[in-house]
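Colleague: Mind having a look at this structure? Questions to follow.
Every number in this text was worked out from the coordinates using simple rules, so none of it is lab data. Please read these numbers as outputs of a predicted model, since none were measured by experiment. For neighbour counting, all protein chains shown are included, and Cβ atoms are generated from backbone atoms with ideal geometry for every residue, glycine included.
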Amino acid sequence: MKDLNEEQQERAAGLKGLGCSRKRVEDARFTQGKGNYVDDIKMPGMLHGDFVRSPYAHARVKSINTDAAMALDGVVAVLTAKDLEPLSLHWMPTLAGDKQMVLADGKVLFQGQEVAFVVARDRFIAADAVELVEVEYEELPVIVNPFEALQSDVVLREDLAGQTEGAHGPRKHHNHIFTWEVGEKDATEQVLGDAEVVAEETVYYHRTHPCPLETCGAVASMDKVNGKLTVWGTFQAPHVVRTVASLLSGIEEHNIRVVSPDIGGGFGNKVGVYPGYVCAIVASIVTGVPVKWIEDRMENLMSTAFARDYWMTGKISATKEGKITGLHCHVTADHGAFDACADPTKFPAGFMNICTGSYDIPTAYLAVDGVYTNKAPGGVSYRCSFRVTEAAYFIERMIEVLAIELNMDAAELRRINFIKKEQFPYQSALGWEYDSGDYHTAWDKALKAVDYEGLRKEQADRVEAFKRGETRKLMGVGLSFFTEIVGAGPVKNCDILGMGMFDSCEIRIHPTGSAIARLGTISQGQGHATTFAQILASEIGISADSITIEEGDTDTAPYGLGTYGSRSTPVAGAATALAGRKIRAKAQMIAAYLLEVHDNDLEWDVDRFVVKGAPERFKTMKEIAYAAYNQAIPGVEPGLEAVSYYDPPNMTYPFGAYVCVMDIDVDTGVQEIRKFYALDDCGTRINPMIIEGQVHGGLTEALAVALGQEIAYDDMGNVKTGTFMDFFLPTAWEVPNYITDHTVTPSPHHPIGAKGVGESPHVGGVPCFSNAVNDAFRAFGLRHTHMPHDHWRIWQTANRLGLHD
Ligand code: CDP
């Protein structure tokens, strides 16, 4: 609002557009218990489904006897793979070009795998009947370690036996899925060979789970009279679900309506298609009544999509002065029993090739080997854009290890190697074009804000005091600087199951000057109804309070690829701005007619068109909207509507600088976060309050992952962390008081300069927390210790370093 006079500023403020910390409109219903989640849907005659799940991680299914279950009063059906086979629905395609059993077909490959689906009058009867289904298993050898899987004679995926080609090229072994290579192998090896300094480390990013507060579920209702199937579900991409449901079932797409109602968090967990959705649909088609399937917490943690499980081995080379010359990364990626990773088709390891991070690294090479094991399938981007968090964790750990090798300050090492402002757009060695950035400014601001030099001095004093026996607490200063890559497309590079990754917005202006806009995305708590109205308010001069935003109903919303990977603002947000501009262009023609001037004699003024040089002659958007419906305007169609399908020319590259100050009690392993400073740059900021909320949430999930959250297995493939007793979900008790800050470097190609933000704090937060733990022990010879850094593991690290002697 810089160039506006006072009166214009007042009008602009009334619109509650870009930059306004508008309160979240959706919270009125959420805070009053009026949200409408899948489990709130109740329909007359609705049946309930529940799964019989495998207690074994690897076993042959010798027989399934459903007689006792069927005999229970209230049980309507028990489906097994045999029932689904005639419909060719006992297996289903995954998003990664593999296929996955819907119900156990001959054997089970992970603990918690779906074996049979019981349909009953109510949830309790269904649960009782699950206990009555008798399954005879013959145990098979279990493999939970991907390195072992690649050596083992045991064939996990017998359905693929003998297949030497997978969806992503050659398979080297019967438990191998693919090798994905990016960059220059020979040149990188040459650079590493010639380097003055090389640091090497293996960094394990453990298996964890997005764990949304609302678990996954669906209600399917097949109306046999008009042939229409309606599915309400926890879907992050409802249109894709409709297309897949049509392809799988043979029901024409116009006869399928998919609705995502309110969703209680997704974080990647609700991108894929699960057996529960398929079984609910089949059961409704078979029974002719609605069927609901809602998983419980243990089922969610055990069987729906996991995240991470990447073993990353890196080599990073530099000159003695610390200028990085090359980076080599090899990943062994544990995909579990089926390759059900949710990535754009051409990227089997997602955007792991952003692993050169924020640094100007001239030569790099990345190879990823995907491997089958006896663990649950998934591999989703838990609050990150397609493996970016793995990439950021990897490079931010490698920088710290290199700093140790060079005996250099890690903040200074980063500064020396940052991509410079004038290098943007920057072509990375592994194939990305970073759109914009000003890393040095952000870094300097962050370090100044926390008094970095003072912290290092305090830390050094603490080490001395510890050595003198005056304290048992060490101090870690965790640093991280991350670059995210969000907003998939472009269509030419990114598709999911062949559907190009564009997004969309359709706007209808009503005669009285209010509006409805529908988008191809779906909020899971991010506040789209609030912020997308703000984009429009600034574009079309109608107050955000007069604009309804609707998402998630495929019968009404334009086709879109959904919400994950912080793509909503970069893609659907751009579509919204451009659809708004189409509205404005038509509005200009109408205003010109009403004011009896040429279109070019008008200029836009906040919420109206004004005759140039005659500011007293104008037409407000409200007046224009009314005219659009009530006046015959020569050469202009009645109505005021627009639609935009936006194929982004590039991703957006938000970035940030984080610092964590942590005290660690060497004797108990308890860590205390004294300070956490987060500077985020997501380009143009639509709603600063919502951004702040996104940052707090993302940091809290980062804290969880770095400091304790894990899906752990024992050697038998038993899930050891299947409940909240063992799976760490932080509460207000563990969460520190975050200090947030920002810089603004707009995206040059986004219509309003906005980049995504939802996932940035997670991507930058995980390495920051982890670096703080590692840094606390640097003075005592630690190079690297694996996450999650729970108290026990920290205690063990201290013990290994001899600090308990
Ligand atoms: O795709 P998803 O909604 O998860 O992520 P996002 O596009 O990063 O947006 C998360 C929330 O932050 C939305 O409500 C956005 O409109 C808002 N946001 C913002 O206010 N300004 C930005 N530059 C980016 C996002």
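Colleague: If amide H atoms are built 1.01 Å from N in the plane of the peptide, which residues on other chains or at least 5 residues away come under 5 Å of the amide H of residue 364?
Modeller: So residue 364 has HN proximity to 184, 327.
Colleague: I've got another one for you. Between residue 40 and residue 724, how high is the FRET efficiency from 1/(1 + (r/R0)^6) when r is the Cβ-Cβ distance and R₀ = 22 Å? Nearest 0.05.
Modeller: About 0.45, to the nearest 0.05.
Colleague: Quick one: length gained pulling residue 612 to residue 636 fully straight, 0.36 nm per residue minus the C-alpha distance?
Modeller: This chain segment gains 6.4 nm when fully extended.
Colleague: Order these peptides, 518-524, 765-771, by their mean beta-carbon neighbour count within 10 angstrom, highest first.
Modeller: 765-771, 518-524
Colleague: Determine, from the Cβ-Cβ distance of residue 10 and residue 319 and an R0 of 41 Å, the FRET efficiency 1/(1 + (r/R0)^6), rounded to the nearest 0.05.
Modeller: On the way: r = 57 Å, r/R0 = 1.39.
That pair, residue 10 with residue 319, gives E of 0.10.
Colleague: Can you tell me the mean projection area, over all orientations, of the convex hull of the range 477-534's alpha carbons? Units nm², please.
Modeller: With every direction weighted equally, the projected area is 7.3 nm².
Colleague: Something else: Relative to 2.2 N^0.38 Å, what does the C-alpha radius of gyration of the chain come to as a ratio? Two decimals please.
Modeller: Rg over 2.2 N^0.38 Å, computed on Cα atoms: 0.99.
Colleague: Among 340, 87, 592, which residue has its Cα positioned farthest towards the positive end of the charge dipole of the chain, with +1 placed on the Cβ of Lys and Arg, -1 on the Cβ of Asp and Glu, and the dipole taken about the Cα centre?
Modeller: Farthest towards the positive end: 592.
Colleague: Go through 185/420; 99/492; 473/675; 99/228 and tell me which ones have a Cα-Cα distance over 18 Å in this structure.
Modeller: Check vs 18 Å cut-off fails for 185/420; 99/492; 99/228.
Colleague: Right, here's the next one. DSSP loop (so not H, G, I, E, B), at most 14 other Cβ within 10 Å: list which GluC sites (Glu not before Pro) in the range 249-299 pass both filters. All intermediate terms of the calculation are to be shown ahead of the outcome.
Modeller: Values: sites: 252, 253, 295, 299; in loops: 252, 295.
Here the GluC sites (Glu not before Pro) that fit, given the DSSP loop and packing criteria, are 252.
Colleague: Then there is this: Mind ordering 207-220, 400-413, 346-359 by average Cβ neighbours within 10 Å, highest first? Please report the intermediate quantities before stating the final value.
Modeller: Details: 207-220: 23.2, 400-413: 19.1, 346-359: 25.4.
Ranking, from highest mean packing down: 346-359, 207-220, 400-413.
Colleague: Nearest 20 debye, what's the magnitude of the dipole of the range 503-646 about its Cα centre given +1 on Lys and Arg Cβ and -1 on Asp and Glu Cβ?
Modeller: Numbers: 12 positive and 18 negative charges, 32 e Å.
Dipole about the Cα centre, nearest 20: 160 debye.
Colleague: Continuing with the same structure: How long are the semi-axes of the equivalent ellipsoid of the range 576-700, defined as square roots of 5 times the Cα gyration tensor eigenvalues? Whole Å, largest first.
Modeller: So the equivalent ellipsoid measures 52, 15, 13 Å along its semi-axes.
Colleague: Cα-based Rg of the range 491-579 per 2.2 N^0.38 Å, rounded to two decimals?
Modeller: 1.06
Colleague: Could you work out how far apart the two model spin labels at residue 28 and residue 792 are, taking each label as a point 7 Å from the Cα in the direction of the beta carbon, and quote it in nm?
Modeller: 4.9
Colleague: Taking just the alpha-carbon atoms of the range 1-71, what radius of gyration and Dmax come out, in angstrom?
Modeller: Cα radius of gyration and Dmax of the range 1-71 are 27.7, 79 Å respectively.
Colleague: Continuing with the same structure: Using only alpha carbon positions, build the gyration tensor of the range 503-646, then give the equivalent ellipsoid semi-axes as the square roots of 5 times its eigenvalues, largest first, whole angstrom.
Modeller: Each semi-axis is the square root of five times an eigenvalue, giving 29, 14, 12 Å.
Colleague: Follow-up question, since we're still on this one. If each DSSP helix of 4+ residues adds -39,500 (n - 2.57) and the sum is divided by the residues in the chain, what number results at 222 nm, nearest 500 deg cm²/dmol?
Modeller: -8500 deg cm²/dmol
Colleague: When a/c is below 1.5 the answer is rounded, else prolate if a/b is larger than b/c, else oblate, so apply that to the range 171-211 with a ≥ b ≥ c taken from the square roots of the Cα gyration tensor eigenvalues. Walk me through the numbers before you get to the answer.
Modeller: Numbers: a/c = 2.93, a/b = 1.48, b/c = 1.97.
Judged from the Cα gyration tensor, the range 171-211 comes out oblate (a/c at least 1.5, b/c at or above a/b).
Colleague: Output needed for the range 425-482: three equivalent-ellipsoid semi-axes, defined as square roots of 5 times the C-alpha gyration tensor eigenvalues, in descending order, whole Å.
Modeller: Details: eigenvalues 267, 37, 8 Å².
Semi-axes (√(5λ), whole Å): 37, 14, 7.
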